[in-house]
Amino acid sequence: MIRHYMDISRLGPGLLVCTALLHGELSATEWLQRGEVEFGAGYVFDDEYRFGRYNGLTDDGAVAVLNADVQRRREDGAYQYLEADRLGIDSRYFEFGSGIQGKYGLQFEYNQIPNNMYDTARTPFRNTGSDRLKLPSGWVDGSTTGDMTALDASLRKFDIETERKRFGLGAYWLPKPNWKTRIRFSRDEKDGTDVTGGAIGQGFGPGAGGVRSSILPEPVDYKTDQVDATADYVKGKGQFQLAYRYSGFSNDNRSLTWDNPFATGGGGPGPGPAVSDIGRIALAPDNHYHQASVSGGYQLQPKTRLSGALSFGWLTQDEDFVPASANPDFASPALPASSLDADALITSAFLRLHARPLPKLRLTGSYRYYDRDLDVDRDLYPQVRLDSNPGAGLTQKNRPFDYHRHDVVLDGRYRLSGKTDLSLRYDYDSLSRNYQDAEREDTHENTVSGKLKYMPVRKLSTALYGSLADRGGSDYDPLAVENPLLRKYHLADREQNTAGIQFTYMPAAVLSLTGKAEYRDDDYDNTEIGLTDAERHIYLLEAAYTPHERISGHASVTRERIESSQRGNPGAGGNWRIDLEDRITTWTVGTELVAIPDRLSLSLDYVYSDGSGETGIGSGGAFTPFPDVETQLHSLRLQARYRYSDRLDFRLAFWHESLDGDDWALDNVDPDTVPSVLLTGEDTPDYSSNVMVLSAIYRFGKQGKP
């Protein structure tokens, strides 16, 4: 039984209209039409969930193969086209368009993208996928996960997966000479189940139980509507565009509430009422965005061009607040307002001047301004510490995310000779913040970069490049709750140096070689607590070989190494240090062979990727390495294509992919492994899957009535 098939109802009435337009007789005018349609069947031999993360091939069994690329044109400019890809599986794409070139056009689009992450997660909560998670009857709570005697019997599997569907409808028309207008509407629907964390306090005085957390199945039911409308005008030396964009996001789940699986009595002698038996967290709120913009360019002189853009955006969010606490043992403190009622005005401006004052010299200068002004009241909000303690009057003032940014770029390129080319560039970036990330109100970064291209011989092209960047700013003022020596990495002083070399060599007409080596060093020289340094090394070598017109091949190897170090200080425990090193090596090999001219072609593509991560943490003289994280990926694709006739091909394809992983953060970590956290116990992705496909490809192309 074929499990996946072309289901017209899932694509909506648009497909029926498109099919009618392609096959209906629109007029007696002669049409020129061409295209190809692929149809057939495949078989997935293995039931491997992670293999189908983005393609939807999660289960074993038969699948349909259906792809199409069809175009029709008429002498008066009328056209129609249809593109369909992977209609037989869950990662399908479809697009249809029709119109008269130079007058108007219509377009319909459908895109479906799965994201199948884990099918090994387990939870005792019922109603997975809803905004109210309940524990089963007969549940036995405990102060730790080890005390939950009914946990194993209560666990149920659930899939961590989402699916995104996009429907798009667009049109363009030319109302008069030099003008072109376009409008497009799209809706994105994303649904499924993800995971999030929720915590409930177990008392906050001496001898209290601390914090207990749960990894929760989070419902995903998002909708995003977007409208884009533009009007373009082109005449002579100038062009400009007027544009409007609307984006509206809605979440069908306002909050997520769950039963507390931990013991609620005896939370310790700390102040406050008993530990809450339920918890609640707010989820992403509804919001709306409007933007109006104007952009354009003008050729001032034959070798000088000025372009720019100006836009104003308005972002609103007035979703009602979730109550400050879900604890039924005390009245939830009153909030200063029923909602944030926030408006943000976003202003952006851009200006660029490009000139070629000398035959060998090109100069470019640009300036960009961005400002986000959030209009919201700053109020004192009551703090309820993890639904279990009203905090004896503790409050926190909200910190709006306001900032403005200036970017300046000066770029020059000069051809020193027929073999040598020199480019220099200067970047200045200035960012000022209010409230959010206000530990450092102002940061600025200066970057100087250059690239020297040199061709010593006709068959060899080389390039040396590098950059020096330095970031500083105003005084760093840590928050009261932060370690005074802490520096957040995106705000801290940093020196970043980059150097690289690349080449292209063609020793013969049938062989080409490309290589690259790059090194980058980040030094947070004034940071005592936080990220202190990071390095990145990249090496690349590619080769393409075509010894005969019927044989071609390619191969590449990429090596990447990333290292970083950070320091911490928990207080009385003293300083600690953590070192991270990730290494990724990827090999690719491919070849194409025309075994029988004009009849049989064969191809092979193979990818091998080996990744490893080392983590070490220490304090004082002791340094303890964590187990390495290892991942190996093999992907092999074989294909044979046989031309049966001028119009018909047959294709036989085989795909093998295997993933072998070891991750100490997931391996042998069960829901009750951590005493104070109820986990979901996903397994490290590990699979081996095989797919076979047999299909026919029919080509057509003739002139005549449809």
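The set of residues in segment 582-634 that are among the hydroxyl-bearing types (Ser, Thr, Tyr) and under 26 Å from LEU511 (Cα atoms) comprises THR585, THR586, THR588, THR591, SER601, SER603, TYR606, TYR608, SER609. Condition (residue is touching a residue at least 40 places away in the same chain (Cβ under 8 Å), in contact with a Pro (Cβ under 6 Å, 6 or more places away or on another chain) and under 30 Å from LEU66 (Cβ atoms)) applied to segment 624-642: is it met by at least one residue? Scanning segment 624-642 turns up no residue that is touching a residue at least 40 places away in the same chain (Cβ under 8 Å), in contact with a Pro (Cβ under 6 Å, 6 or more places away or on another chain) and under 30 Å from LEU66 (Cβ atoms).
May I ask you to list the residues in segment 231-253 that are of a type in the set (A, V, I, L, M) and crowded, with 17+ Cβ neighbours inside 10 Å?
Within segment 231-253, ALA243 is the sole residue that qualifies.
Only residues that are farther than 18 Å from MET117 by Cβ and either in a loop (DSSP other than H, G, I, E, B) or not assigned by TED's automatic domain parsing to the domain that holds ASP660 (or both) were counted across segment 47-75, and they come to 2.
Every residue in segment 510-526 that is of a type outside the set (Asp, Glu) and over 30 Å from the mean Cα position of the chain (by Cα), please. VAL510, LEU511, SER512, LEU513, ASN526 - these are the residues of segment 510-526 that are of a type outside the set (Asp, Glu) and over 30 Å from the mean Cα position of the chain (by Cα).
Cβ-Cβ distances below 6 Å connect the following pairs, each with a first residue in segment 483-500 that is over 25 Å from GLU518 (Cα atoms) and at pLDDT below 95, a second residue that is among the small types (Gly, Ala, Ser) and crowded, with 16+ Cβ neighbours inside 10 Å, and a separation of six or more residues or different chains: LEU486/GLY530; ARG487/GLY530. Just one of the listed residues (GLY99, GLY105, GLY77) is modelled with pLDDT under 95 and not aromatic (Phe, Trp, Tyr), and it is GLY77.
Scanning segment 411-441 for residues that are part of a strand (DSSP E or B) and either of a type in the set (Gly, Ala, Ser) or loosely packed, with under 14 Cβ neighbours inside 10 Å (or both) returns GLY412, THR420, SER423, SER430, SER432.
Residue-wise test of (1) part of a strand (DSSP E or B); (2) surrounded by 15 or more Cβ atoms within 10 Å (Cβ to Cβ); (3) under 29 Å from the mean Cα position of the chain (by Cα); (4) in contact (Cβ under 8 Å) with a residue 12 or more places away in the chain.
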position: GLY146; (1), (2), (3), (4): no, no, no, yes
position: PHE158; (1), (2), (3), (4): yes, yes, yes, yes
position: PRO175; (1), (2), (3), (4): no, no, no, no
position: GLY198; (1), (2), (3), (4): yes, yes, yes, yes
position: ASP228; (1), (2), (3), (4): yes, yes, yes, yes
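Looking only at residues of segment 200-226 that are part of a strand (DSSP E or B) and in contact with a helix residue (DSSP H, G or I) (Cβ under 8 Å, 6 or more places away or on another chain), we find that the one that is modelled with the lowest pLDDT is GLY201. In segment 458-475, the count of residues that are assigned by TED's automatic domain parsing to the domain that holds LEU513, under 29 Å from HIS406 (Cα atoms), touching a strand residue (DSSP E or B) at 6+ places or on another chain (Cβ under 8 Å) and outside any loop (DSSP other than H, G, I, E, B) is zero.
Elements of the type strands (runs of 3 or more DSSP E) sitting completely within segment 612-706 and holding at least 2 residues that are under 30 Å from SER154 (Cβ atoms): these cover 648-662. Those strands (runs of 3 or more DSSP E) of segment 271-334 that lie entirely within it include none in which at least 2 residues are without any contact (Cβ under 8 Å) to a residue 60 or more places away in the chain, within 30 Å of ASN260 (Cα to Cα) and of a type outside the set (S, T, N, Q). Looking across segment 392-415 at every residue that is of a type in the set (A, V, I, L, M, F, W, C) and modelled with pLDDT of 95 or more, the one that is farthest from ALA324 (Cα to Cα) is identified as LEU410.
Yes/no matrix, rows are residues, columns are (1) under 28 Å from GLY466 (Cβ atoms); (2) surrounded by 16 or more Cβ atoms within 10 Å (Cβ to Cβ):
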position	(1), (2)
ASP493	yes, yes
ALA499	yes, no
GLN502	yes, yes
HIS537	yes, no
HIS554	no, yes
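Looking only at segment 89-120, count how many residues are among the β-branched types (Val, Ile, Thr), part of a strand (DSSP E or B) and buried (at least 21 other Cβ atoms within 10 Å of the Cβ). Residues in segment 89-120 being among the β-branched types (Val, Ile, Thr), part of a strand (DSSP E or B) and buried (at least 21 other Cβ atoms within 10 Å of the Cβ): 0 in total.
The values are calculated or read from the model by the stated rules, or taken from the named source; none is laboratory data. As the structure is a prediction and not an experimental result, all values here were calculated from the model. A quick note on method: Cβ atoms are made from the backbone with ideal geometry, for glycine too, and the neighbour counts reach across all protein chains shown.
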